[in-house]
1. Could you calculate, for the stretch 639-752, the ratio of the Cα radius of gyration to the Kirkwood radius, expressed as Rg to Rh?
2. Please state, as a whole number in µm²/s, the translational diffusion coefficient that the Stokes-Einstein equation yields for the stretch 384-576 at 37 °C and 0.692 mPa s, with Rh defined as the Kirkwood radius across alpha carbon pairs.
3. To the nearest 10 degrees, how steeply does helix 518-528 sit against the main Cα axis of the chain, on a 0 to 90 scale?
4. Which residues' amide hydrogens lie under 5 Å from the amide hydrogen of L651, considering only partners 5 or more residues apart or on another chain, with H built in the peptide plane?
5. With a 1.4 Å probe and all protein chains left in place, how much accessible area per residue does the stretch 270-414 have, in Å²?
6. At a 1.4 Å probe, what is the % contribution of carbon and sulfur to the accessible area of the stretch 346-406?
7. Share of antiparallel DSSP beta bridges in the chain, in percent to the nearest 5?
8. How many angstrom lie between the Cα centre of the stretch 491-570 and the Cα centre of the stretch 619-677?
Amino acid sequence: MTGHVSRRMLLKGASLSAISIMLSPAFARVGPVRDARIERLIAAMTLEEKAGQLSIFSDPSRVDGPPVNPGLVAQSMATVQREIAAGRMTGLYNGIGVAAGRELQRVAVEQGPHRIPLIFAGDVIHGMKTTFPVPLGEAASFDPELARRTARAAAVEASAKGIQWVFAPMVDVARDQRWGRVVEGAGEDTWLGCQFAAARVRGFQGDDLTAEDSVLACPKHFAGYGAVMGGMDYNTADIPETTLRETHLPPFKAAFDVGALSTMASFNDIAGVPSTGNHHLLTDILRGEMGFAGLVVSDYTADAEMIAHGFAADGPDAVVKALNAGCDISMQSGLYNAHLPALVRSGRIAMKTVDTAVRRVLRVKQALGLFDNPYRSLDLAREARDVRLPAAIALAREAAVKSVVLLKNDGDLLPLSTTAKIALIGPCVSDKGDMPGPWASFPDFASCVTPEAGFRAAMGPTARLEIARGCDYEAPLAGGIARAVAAAKAADVIVLVIGESARMSGEAQARVEITIPAPQQALAEALAATGRPMVVLLRHGRALALSGAVRNAPAILATWFLGSETGHAMADIVFGAAAPQGRLPVSFPQASGQEPFFYDHRTTGRPQLGADPAWKARYREVTTEALYPFGHGLSYATARYSGTTVSAPILAGDGAITVSALVSNTGKRRLHEVAQLYVHDKVASLTQPVRVLKGISHLDLDPGQRARVAFTLTRADLAFVHPDARRFAEPGAFDVWVAPSSVAGIPVSIVLD
Ligand code: NOJ
C-alpha cells in the first residue's frame, strides 16, 4: 500500500491536509516484544487467569440502542463484578457510560488477582451519539480524509462515553449487493477500500493511542467475509487464494500499515476452513506475511460456531482449533474460560501458545496506556462535555452532504426553489427512528433531523409543504396512497423519499431481491401517474435494482442513510445550498439477478462489445451494462474531459509516468469533480479486470474554468497477484483512462517495459 500512498502524495490536486496526514509518523505501535512488566504478569498468572485475559463478554450496563447480536443473555452486573474480581474477563463490549465503566475498572485494578485493567469495546460503526452517514454512504464521498475526520469525531464521543476499543472499521470488500453488510464498508473496490480503511484507522487511533480521546481500531472481518456466497450472511466464501489476496486482503494491510492493533476473525469459512480456526489465515498470512503485531478477537460466539460448521467436535475441540490457529480472544461464548485450563493441563494446547496470546492482549492494553492509566477514557467530565459537540454536528452535516450521489437530473429538475409547492412523501419523512440507519449501536434518536424538519428549516415559515407517509416501509397503510396522491396533486413537485428501512440492511439482512419494497414501489407508481415532476431520494444500505416509476423519475439521488443530520443534508442538496459531489462506490445493476455485479470483473472469452448479443456473456433480459456504474455521480454543473496524455509511452524500470487530462466546467455553477484513474492490463498470464481504479483526484472549477488533472503511474500500480502469492507487474501493453466513472472515457495506451 505504500506504493499507493507515495503515488497519491504526488497527485496534483490532492489536498495538502491529506498529504500531511499521510506523512504523519505518529502511528500506534506496540512496545518491545518482551516487556518486563508483561513477562512478570504472565509468569505470575494462573491458567484460569490467562483464560480470563482471553475472554470478552457483553456488558450488562448496555441500556439503550437496538440489539446487535442474537440471543444475548447478559450476565447480571453482580456476576460480572465477581468474574472481574476473579480475573475471568479481559474486558466488556457494547456497554455504555462512564460511571459503570469506572466501577468495573475499579474492581479489576483493586480486586483482580493481578490488577490487570479491563478494556471496554463497542460497535461504533458510524458515530456514537452524533451519527455520521453509514460507511458505504461516506465512501461515496470518494474522500478518505472526510472519513478520517468522522472517525476522529466518533472516537472523541466514544471515548467520552467510556469506550476504548471500537469494532470498526469494517474493511470487507463487498461485491454482491444482496449481502446486508455492504452498508458497513467502503463498497466494491479494493483500492478505494484501502484508502478508507487507512483513513478510518487513523481517525480512530489518532496520533497517540494512549490519548484519552483515541480508541483502538479493529479492522474486520478477517477475511473474505464480503465474498459470502449468494450474498447470504455467514455463508461460505468460495474464493481462490489469488482473489483473497488481490481483492480482500489489501484493505486489512492498509489498516495494519497505519497501526491498527487488533482485528476480528470472520464468521465465514474459506475452502472449508472457518476463519476462527484458520491457521493459514490467522498465523501464516496475518502474522507471517503481513507482520501484524496486534491481537485477534473472534467474532461473536464464532469459536463455538465451529461446532455447527462441523469443523470442531465440541467446545474443547473448538478452543484447541481457535487458539492454535491464532485467535487470541474468544468473544462471548465463554469457551476459553470453560476449557482452556484443562486443555493445557492435558497437553492439547501448549502453555507457550496461551502465553503468546496473553502477551499480545497485554501488549495492546499497554499500547493503549491502560496499565499506567486504567481510567483513561473513563472521565465523567468528558462524558458531560465531549458528546454532541457543535463541531461534530456540523461535520455530520458536511459528511452527509458529501455522501449524496446525483444519479440522474433530467431537464435540470434539481435544484428546487425553496418557494416551490412541494409534496414530501415517504415512510421515513417524519420518522426520527429510522434516521441513524443500520448499525447505529448507540443512537440518539431525539437529535436526529428528519427530511420534514430539514425541509421546513430550509423553506422557512412560509413553506408550502405537504407531508404524507404514503405507506409503511414494507407494508401498505390504509388510505396511505390516496392521501399521498392528494398531497402530490396539491403541489408543483413531488419529493419522494423511499427505499430500505434501517432494519433492511446490516448484519443478517441479506436480500434476494435488492429492489424497492413492493408497497413503496406501488406508492411511486401512483405518484408518477399524477404527472407531477418527481424527485426520488433513495434510502439504502446497498446498491438497488430500480424499476418502473422510480427508475423513470427525472431526478434520482442516492442518499444511503445519512445519520443525525439527514434532513438538513437532503435539503441542502435539493434546494442547491450545496451541490451533489458523491460518486457510487457500488455499481447499480439493471436487475437483482445480475449480482454479484461489480465494475472490475475479469474479461470473458465472449464479452458483449457490439450491438449483437448472440452467443455472448449476457442475460436474456437485461444489458450487461450497469444502470449506474461504479464511480458515477452528476453535479449541478457539467464536466468535460479531453486531451488525455501520457508523459512517455513506455514505463521502464522503477520509473513513473504522468497521465493527465483536461477537465472543463461546461456548466453554470461551480463544479466539484472527482477525476478517476483506471488501468487495464491487455494481455497477462491471468485474465485481468476490464478496468481497475488506481487513483482519484478532487478538483473545484468555476464555470468556464478548466484544469489539467495529473496522476503518477508506477510499476506497482500495474501489478497483480500471481498463483505463487507474489505480486508483480508483467511487461506489455496497458490501457489507461482518466475518466469521470468506471465506464466513461477513451483510453490511452502505454507499454510496461
Ligand atoms: C457480530 C458482528 O459480526 C461484528 O461485526 C460485531 O463487532 C460483533 N457482533 C459484536 O457486536
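The values are calculated or read from the model by the stated rules, or taken from the named source; none is laboratory data. Quantities reported herein were computed from a predicted structural model and do not represent experimental measurements. Note that each Cβ is placed from the backbone with ideal geometry, even for glycine, and that neighbours are counted across all protein chains shown. These area figures cover heavy atoms from the full protein model, side chains too; ligands, DNA and RNA do not enter into them. Shrake-Rupley method; radii C 1.70, N 1.55, O 1.52, S 1.80 Å.
1. Values: Rg = 15.2 Å, Rh = 14.8 Å.
Taking Rg over the Kirkwood Rh, I get 1.03.
2. Working: Rh = 16.6 Å.
Diffusion coefficient, whole number: 197 µm²/s.
3. 20
4. Under 5 Å from the amide H of L651: V751, L752, D753.
5. Numbers: 4990 Å² over 145 residues.
On a per-residue basis, 34 Å².
6. Numbers: 1360 of 2340 Å².
With neighbouring chains kept in place, the figure for the stretch 346-406 is 58 percent.
7. Working: 50 of 89 bridges.
In the chain, approximately 55 percent of DSSP beta bridges are antiparallel ones.
8. Centre-to-centre distance over Cα atoms comes out at 28 Å.
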